[in-house]
Each structure stands twice: as C-alpha cells, then as structure tokens.
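Novice: Please read through the structure below; I'll follow up with questions.
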Amino acid sequence: MNANTDNRCANILIVDDEPENRRLIAAMLKPEGYLTRTAASGAEALALVAQERPDLILLDVLMSGLGGLEVARLLKADPATQAIPIIMVTALLDRESRLAGLNAGAEDFLSKPVDRAELWVRVRNLLRLKEYADFLHDHNRQLEIAVQARTAKLRESYAETINALIRASKHKDEETGNHVQRISFYCRHLAEVLEMDSAFIDAIFHASPMHDIGKIGIPDHILFKPGPHSAEERAIMKSHCQIGAQILGDSDSPYLHMAAEIALSHHERWDGTGYPHGLCGTQIPLSGRITAICDVYDALRSRRPYKDALDHETAVRIITEGDGRTVPTHFDPEVLSAFKRSLGRFAEIYQEYGDQENGDEALPR
C-alpha cells in the first residue's frame, strides 16, 4: 500500500476534462502532502491506472468521450482495480445521478464547486478505510499461506502413513508388486472421466491402493493357497474387507476415511451379488464402485499362483461381455461406460507400471 498510517504520500488520480478543475483540486491536496496525477479523459485515466494503481481516484462525472460513470464501472469490474476507492465529483445533485454513481461503484461524492475542507475530510476518510481493507487483505493472505503450508505438511504426513501401510501389506499379499500403483492410476483416471471434483480425485488416488490392506489379517496358509478354497476358507478370505475397514477406520484423514470405505465395499457388486454385505446399486460408495472395476481389470491382467496373466483384450472382453464368473451387471453402468472410454489409458498404465520391476511399492507422490 502506498499510503502510510496518516495517509501522507498517498497517490491520488484526478480525472477531469477541464484543466482548471484538475489544477484546483491538485492545489487543494498539495498542503496535505498527497501525491497527485491528473488525467484529462476517461481513456487516459484507465491507461494511467493500468501503469500504476493509485490509492484513490477523484473522478468527474460529466466528461466528453468516456464518461465518469462508465470509467467507474470498468474499474470496479476488474479484480485488479475494484478495490481502489472512487469519489465522484459532480455538479449534479439530484437523487437519480447519485444512485447512478453508487450503482457504478463509487464510494463517495463531492459537489462542485469543491470545498477544500470537505475534500480533505472525504479523501482522508476513504484512504483510512482503504488502508484498513488492505491490512485485512494482507492479513488474510498471510493466514491463507500459513494454512496451505500446514495442509501440505499434514498431507505429507498422511502420505507417509499410507506408504507405511502399503509396505506392510505387501508382505502379506499374493498380488504382484506394482498392483497398488496401477490401482491408483486406474482409479484416478476413471474419477477424472466421471468428472468428479479435485478433492475426490486426489483422495481416491491415495486411498485406493489400500483396498486389500485387510489381507494382513488372513492366515498365510489360506492367503497363499495355490488351489481352490473350501467354503470355510472362502469365508475367511472374504473377511479381509471388514478387517481392512477396521484397520483404516476412525481417522481424521480424508485419505484413510475413503480407504476404509473402499476396503469395505470394493467387492460389492452393482447387482447385489457381492460381499461382505450384499449391497446393490448406489448403496455401494462410488469410491468402491470405481475401485471394483479397476481391481478386476488388474487381477485379470496379472499372474497369480493359481492363474496365468491375460492380455488386455481378453480382460476387457470378460468385463464388458462376461465369462460366467464375471459379468457386466457386477459393475455400475456409468463406471463401466467410463471404463469403456478409457481402454487405451488402462493399457498404458499396465504397460508403464508392469510387474517386471518389483522395487519399493510405495505410492508415488
């Protein structure tokens, strides 16, 4: 801000198409220590403001060419200049003229001929208000920066927690190394195709890799069994959904909150034939519906102790046409449609994060 606490050295722009009026107002302001510039037209005023924003504008209403009301409207419509206070200087004293000035955005009025004492008071008061407004703006900006910094630090802390959980689950999961990375990118892409907001997209990117965290609680002899499971073993395997939700639940983190939601719901099916609760349709959280189709695609593409990897075309055909075990009615129709529009990107993600590289599977930042 140009003005200091007593508003000395404030930069004031005087706009009037009459040279004598400009000289008179400038002379009145000089004893108070204000710096003045003058413009002989509305167009010149706008050009001067673009070069250097004044602290206050004294603006004549009736000018040839671009009038004062239009100049005020243009200045108030621009976020860069809308905070500059404007005093309309006018010989028009009727109510309609003053309302027009207020509607144009003017903060105050001065009547012609200008009275020196009234000029000083109105200029001083508006400059003080502007100084306070500038202080509040700067203070709020500093608070915003501080909040952003704390949010970034908190987000980094959440990410570290997520990566620690992912690393822990890796040692108790039959799935291949880069599976969790691919799930992140699949889910984020589908959320973007579905035009979800940025907070949802960010959350599902970080939350979806923890969908199978509950397998930490499944005994090794069941988790790594190469052959088919018995009915009792299948029931134990299915319990990884509730175990995951319990591990991830009761957290203030938006990532862990969504991760718990996904862990519990990613094996539910749109037609109600899934588990653990047999939810159907929109009873299933959207995050779970998105992760479900991504998880099925990647499971089909990946080699397991009990199956070979399938190529992209075969995996897509199974999801979109069915093979008896997997059918299209398992999936949310809108999510399935988004998947069909994303086939090229899914193939790219699998290729880019394939399992030939089995390093640290921590989620990329």
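Novice: Can you report the number of residues in the stretch 265-297 which are under 27 Å from the mean Cα position of the chain (by Cα) and outside any loop (DSSP other than H, G, I, E, B)?
Specialist: Adding up the residues that qualify gives 13.
Novice: Please work out which residue is modelled with the lowest pLDDT, limiting yourself to the stretch 306-364 and to residues that are acidic (Asp, Glu) and not in a loop (DSSP other than H, G, I, E, B).
Specialist: By that ranking, first place goes to 352.
Novice: Sticking with this structure for a sec: Exactly one condition in (1) under 47 Å from the mean Cα position of the chain (by Cα); (2) farther than 18 Å from residue 106 by Cα; (3) buried (at least 19 other Cβ atoms within 10 Å of the Cβ); (4) of a type in the set (D, E, K, R) is false for residue 16; which is it?
Specialist: Of the numbered conditions (1) under 47 Å from the mean Cα position of the chain (by Cα); (2) farther than 18 Å from residue 106 by Cα; (3) buried (at least 19 other Cβ atoms within 10 Å of the Cβ); (4) of a type in the set (D, E, K, R), the odd one out for residue 16 is (2).
Novice: Need the failing condition index for residue 73 against (1) surrounded by fewer than 22 Cβ atoms within 10 Å (Cβ to Cβ); (2) more than 24 Å from residue 125 (Cα to Cα), just the number.
Specialist: The number of the failed condition is (2).
Novice: Something else: Restricting attention to the stretch 84-129, report how many residues are in a loop (DSSP other than H, G, I, E, B) and either polar (S, T, N, Q) or under 13 Å from residue 72 (Cβ atoms) (or both).
Specialist: Within the stretch 84-129, residues that are in a loop (DSSP other than H, G, I, E, B) and either polar (S, T, N, Q) or under 13 Å from residue 72 (Cβ atoms) (or both) number 5.
Novice: So, in the stretch 315-339, how many residues would count as being exposed (fewer than 13 other Cβ atoms within 10 Å of the Cβ) and free of Cβ contacts under 8 Å to residues at least 24 places away in the same chain?
Specialist: Of the residues in the stretch 315-339, 4 are exposed (fewer than 13 other Cβ atoms within 10 Å of the Cβ) and free of Cβ contacts under 8 Å to residues at least 24 places away in the same chain.
Novice: Within the stretch 115-130, which residues are closer than 14 Å to residue 88 by Cα, out of contact with any helix residue (DSSP H, G or I) (no Cβ under 6 Å at 6 or more places or on another chain) and in contact (Cβ under 8 Å) with a residue 40 or more places away in the chain?
Specialist: Within the stretch 115-130, 123, 126 qualify.
Novice: Residue check: is residue 135 outside any helix (DSSP H, G or I) and of a type in the set (Phe, Trp, Tyr)?
Specialist: No; evaluated as a whole, the condition is false for this residue.
Novice: Please give the number of the condition residue 25 fails out of (1) surrounded by fewer than 22 Cβ atoms within 10 Å (Cβ to Cβ); (2) touching an Asp or Glu at 6+ places or on another chain (Cβ under 8 Å); (3) assigned to a helix (DSSP H, G or I).
Specialist: Checking residue 25 against (1) surrounded by fewer than 22 Cβ atoms within 10 Å (Cβ to Cβ); (2) touching an Asp or Glu at 6+ places or on another chain (Cβ under 8 Å); (3) assigned to a helix (DSSP H, G or I), the one that fails is (1).
Novice: Have a look at 245, 263, 259 and point out the one that is at pLDDT 90 or above, small (Gly, Ala, Ser) and under 22 Å from residue 326 (Cβ atoms).
Specialist: Exactly one residue qualifies, and that residue is 263.
Novice: Just to be sure, is residue 160 at pLDDT 65 or above, acidic (Asp, Glu) and within 31 Å of the chain's Cα centre (by Cα)?
Specialist: No; evaluated as a whole, the condition is false for this residue.
Novice: Take the conditions free of Cβ contacts under 8 Å to residues at least 40 places away in the same chain and assigned to a loop (DSSP other than H, G, I, E, B) and apply them to residue 300. Does it pass?
Specialist: For residue 300, the condition - free of Cβ contacts under 8 Å to residues at least 40 places away in the same chain and assigned to a loop (DSSP other than H, G, I, E, B) - is not met.
Novice: Follow-up. Residue 62 - would you say it is assigned by TED's automatic domain parsing to the domain that holds residue 128 and either outside any helix (DSSP H, G or I) or modelled with pLDDT of 95 or more (or both)?
Specialist: Yes; evaluated as a whole, the condition is true for this residue.
Novice: Now, a different point. Of the residues that make up the stretch 38-46, is at least one in the same structural domain as residue 120 (by TED's automatic domain parsing), farther than 20 Å from residue 117 by Cβ and among the hydroxyl-bearing types (Ser, Thr, Tyr)?
Specialist: Yes, there is a match, as at least one residue in the stretch 38-46 is in the same structural domain as residue 120 (by TED's automatic domain parsing), farther than 20 Å from residue 117 by Cβ and among the hydroxyl-bearing types (Ser, Thr, Tyr).
Novice: Let me ask something else. Would you check if residue 143 is in a helix (DSSP H, G or I), under 37 Å from the mean Cα position of the chain (by Cα), farther than 30 Å from residue 214 by Cα and modelled with pLDDT of 85 or more?
Specialist: The answer is no for residue 143.
Novice: Checking the condition small (Gly, Ala, Ser) and without any contact (Cβ under 8 Å) to a residue 40 or more places away in the chain, which residue from 230, 184, 253 passes?
Specialist: 230
The values are calculated or read from the model by the stated rules, or taken from the named source; none is laboratory data. Keep in mind that this is a model prediction, so the values were computed, not measured. Positions of Cβ are backbone-derived with ideal geometry, glycine not excepted, and every protein chain shown enters the neighbour counts.
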